[in-house]
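**Student:** Please see the structure below; I have some questions.
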Amino acid sequence: MEPQKSLIQENNYKELEFEHAILVIVQWAILDSFLKERESILELFNKTGLTKEDLVDIFLAYKSNLKYGKIPEDVHHRLIQLYCLSSGHVQDCLHKMRLSSRSNLCEQINLTSNRFSISPKEFTDIITIMSDEGYCILPFSLSEQECDQIINYSHEFNYSCLLDNGEQVVRKMKNDMFDFEKDVVLARAFEEDIENMNMINQIIYDPVILGIVSILLGSKALLRHCSYWFTYPGKKTTKHQSEAAQLFHYDLDEFKWLKLFIFMDDVTDENGPHVYIPATHKPGNKPFDLLKFGYSRLPDNLVSQFHKKETWKKLTCKKGTMVLANTQCWHKGTPLTNGRRCVLVPEYSITTFSKVFL
Ligand SMILES: [Fe+2]
C-alpha cells in the first residue's frame, strides 16, 4: 500500500484561524464587547505583565509558525515566563482565543471504527477523567499481536540513539541489535520511518481516538507529530541526558495539546513506569512556589512538599495499553533497572504551533 504523505503535511491550516484570533484579541483587549472575558484577560494583563504588544508578538509568531514551522526564541521564552507567572492561565486563554464555533464539533465524535469501539458512557467517562485528572487509561487497547507486528516492523527503522557514555549515534536496530542491548539508553525512531507504516497510521488517525481528542481540544484534532522510542537501563557508568526526564517537569509543546502513550511492552516497576500528578494540568493548580523555578526539572523531595506523594500515580500496565495524557501535568519517567520499554506516542493539537521547540 502507498505510504501516506508526511504526517505534518496532513495538517491543513487556514489563514482564517489567525484572522479570527486577531479579531478576538481586538474585541477582548480594546472594545467593550465580551465584557466578562475582557475582565478576565485584563486581570491576566495586570497579574502577569502581559501586554498588548506580547499578544501581537505571540500571534505574529503563531502566523510565522504556520508558514515556516518555527517561532522566534524570544517569544518562546516570553511564553514560558507567562506560563509560570499565571500558572498556565495565559496558555489557556490563548488556546480559547483560537477556537472558533463549537457547533460542528459533534460531527467529530465516533464511537466505533474498524479497530475500536466504545459506549457513550465510556466516551463520557474519558472526557470527565481527562478534564478532572489530565490522564486516562482508555477502555480499548492494542492486542499483543498488533504490538508484535509494530515492533517487528520497527526493526527496519533508523534510530537516533543516546549511548550510555553520552554519545549520540544513528543506528538501525536490525543491524545493531547486540549494541542496542549493550550500550543504548534511549533509541528514538526517525519520524519519516514511523509514518511509513500503514498500521501505525491507521491507529494514530483512528476516528474514535480523533473524536475523543477533538472534543477535549475544543476543535478538530490534528496530528502534530508522532514519536516511537525504546528505553534501556544502560550501565549507569556516566550521567546520561535521559536522567533529566526522570525529574518532575511539565511539557510546554503548545497552548493545548494531548499525547497518546501506546505501550508496546508490559510496563512494570522495573522498566521505567511513567509517573504523573493528577489535576496539575489545570490552570492555577501548579503552585507559584514551584513555578518560581521557571521551566526547570524538579526533584521529588521538593515537589512532595506541595503535592503529597499519595496523590502521585504510576502507570504500570499491560502491553497494548493506551493512555491519553495532558502532559501539562507534572510528570516524570522512572529509571529502568531491567528489561526495556517501547512506546508509540502520537501527539495532537489544533495546530503545530511551536513545533520547533519539541
Ligand atoms: Fe515530559
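**Student:** Which value, in debye to the nearest 20, gives the size of the charge dipole of region 107-357 about its Cα centre, when Lys and Arg are +1 and Asp and Glu are -1 at the Cβ?
**Tutor:** With only Lys, Arg, Asp and Glu charged at Cβ, the dipole is about 660 debye.
**Student:** Here is a further query. What number comes out for the charge environment of R341, summing +1 per Lys or Arg and -1 per Asp or Glu over other residues with Cβ under 10 Å away?
**Tutor:** Neighbourhood net charge equals -2.
**Student:** Separate question: Hey, got the dipole for region 280-358? About the Cα centre, +1 on K and R Cβ, -1 on D and E Cβ, debye to the nearest 20?
**Tutor:** 260 debye
**Student:** Additional query: Taking amide hydrogens as modeled 1.01 Å from N in the peptide plane, which residues meet the under 5 Å criterion relative to H225, leaving out close sequence neighbours?
**Tutor:** Under 5 Å from the amide H of H225 lie the amide H atoms of E347, each far enough along the sequence or on another chain.
**Student:** Note down the net charge around F140, summing +1 for each Lys or Arg and -1 for each Asp or Glu among other residues with Cβ under 12 Å from its Cβ.
**Tutor:** Neighbour charge sum, excluding F140 itself: -2.
**Student:** Something else about it: Report the net charge of residues surrounding D92, where surrounding means a beta-carbon distance below 10 angstrom and charges are Lys +1, Arg +1, Asp -1, Glu -1.
**Tutor:** +3
**Student:** Please list the non-local residues whose amide H lies under 5 Å from the amide H of F157, H modeled 1.01 Å from N, same-chain partners needing a gap of 5 or more.
**Tutor:** M173
**Student:** Just check region 126-168 against the gyration tensor rule for me: Cα atoms, a ≥ b ≥ c as the square roots of the eigenvalues, rounded for a/c under 1.5, and otherwise prolate or oblate depending on whether a/b exceeds b/c.
**Tutor:** oblate
**Student:** Here's something else I'd like to know. Strictly over 28 Å apart at the Cα level, which of K96/K259; K52/K313; K256/K309 would you flag in this model?
**Tutor:** Violating the 28 Å limit, Cα to Cα: K52/K313.
Taken together, the values in this text are just the output of simple stated rules run on the coordinates, not laboratory data. Predicted model, so just to flag it, every value in this text is computed and none were measured. No Cβ is skipped: glycine too gets one built from the backbone with ideal geometry, and neighbour counts run over all protein chains shown.
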